[in-house]
Amino acid sequence: MERPKLRGLTTERADRARRHGTLVLADGAVLLHVPGSTDTLAELSAPEVANGRTAHHTGGLAKRSLCFSPLEPSLLAAASDDGGVHLWSIRGERPQHYALARRHAGPVAGVSFSTASAPLLFSCGADGQVLMWDRRAGEGAPEVQRALLPSRLSCMAMRDDGVTMAVGAT
């Protein structure tokens, strides 16, 4: 698939092995590509439910942060302005989308996978919350732990030790 004209690139990430890369455009579209190539493998979409009907959309909501799992390189997470966290399994021909329940009361600013336990994912948001999700609970998984900090959070990262997390605030 030929890459469409880039409409305001906001974020770019690659997995640790640099087999897959992602681009986030200003309109919220997430493109999967091979780093160093001009070809787009897929435009990742997320289902949107309205009036009982499900439609897939690629843009519309800004994705603030992307993260590939260090333990499952075919798993990608994205933070969204709608308070949700989106996951895609990019293994195989067609990427599969999984949505976690919207638990943030505002934009999600950062996502980071655990470097010690594959099923754990963390998110932080403008609402001051840091959430730890256990993906073993399935789609819409409830958070396992919640911490509330006294300011808007803007980013996060996990250290390779799997224990230390850094969270930025504005």
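The values are calculated or read from the model by the stated rules, or taken from the named source; none is laboratory data. No experiment lies behind these values; they were computed from the predicted model shown. Neighbour counts are summed over all protein chains in view; Cβ atoms, including those assigned to glycine, are modelled from backbone coordinates with ideal geometry. Please note that ligands, DNA and RNA were not included when accessible areas were found on the heavy atoms of the full protein model with its side chains. Shrake-Rupley method; radii C 1.70, N 1.55, O 1.52, S 1.80 Å.
Only one of the listed residues (A109, A116, A147, A126) is out of contact with any strand residue (DSSP E or B) (no Cβ under 8 Å at 6 or more places or on another chain) and at pLDDT 85 or above. That residue is A116. Would a scan of segment 133-142 turn up a residue that is modelled with pLDDT under 90, part of a strand (DSSP E or B), closer than 11 Å to V85 by Cβ and open to solvent by 30 Å² or more (accessible area, probe 1.4 Å)? Taking every residue of segment 133-142 in turn, none turns out to be modelled with pLDDT under 90, part of a strand (DSSP E or B), closer than 11 Å to V85 by Cβ and open to solvent by 30 Å² or more (accessible area, probe 1.4 Å). Among the residues of segment 92-119, the one identified as surrounded by fewer than 14 Cβ atoms within 10 Å (Cβ to Cβ) and not in a loop (DSSP other than H, G, I, E, B) is Q96.
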